[in-house]
Amino acid sequence: MKVRNSLGHLRWAAVPVIAFDTMVTMFGQPKSYWNAPWTGREGNPFFAWFLVRGGTFFLILSACYISGAVLLVSVLPRRFALVVLMSFIFGHYYGAVTWFRHFGFGISAAIVYGVLISLLLVVLGLSTRMEIPASPTPQAVTPPAERESRQP
């Protein structure tokens, strides 16, 4: 499959973020989950449906989901792909940090995790340059008084 946009390595940023969300979701399950999967806890109804069918089923879904996310971001037009990529990243950032309180972490852990994701995005190629659009042509910025004097 040919990659049609120019996100390059940036599209891979979703992989560790989604995987981390999956990991904390699994670690956050009650002890009863491992013998009775229907006791699983997950805030997202789509993922909860898979989680309560067992850990192996949930992990297989997660691997397919990660693959699908990377594939989707790889084939969409660049701007739309960037929006979709950031939606995956922000959504799974939120999903992971909602478990932090369960593990006894405070807001500082969420901030540190956000900084780590930001560093990952920059390392993988998120542009840090400000691009200034080209200035308009001189005819387009002619003052109104000057335009009026040119008319016959």
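Where a number appears in this text, it was derived from the coordinates with a stated rule and is not lab data. Predicted, not measured: the structure shown is a model, and the values here were computed from it. In this analysis, Cβ positions are derived from the backbone assuming ideal geometry, glycine residues included, and neighbour counts consider all displayed protein chains.
Whole-Hz Karplus values for the range 72-77 come out as 4, 5, 6, 9, 6, x Hz, taken residue by residue from phi with 6.51 cos²θ - 1.76 cosθ + 1.60 and θ = phi - 60°; glycine and proline positions read x. Taking the range 89-104 and a reference point 7 angstrom along Cα→Cβ of L59, the backbone N atoms nearer than 20 Å belong to 96. Between R101 and L72, the modelled labels are 2.7 nm apart [label points 7 Å from Cα along Cα→Cβ].
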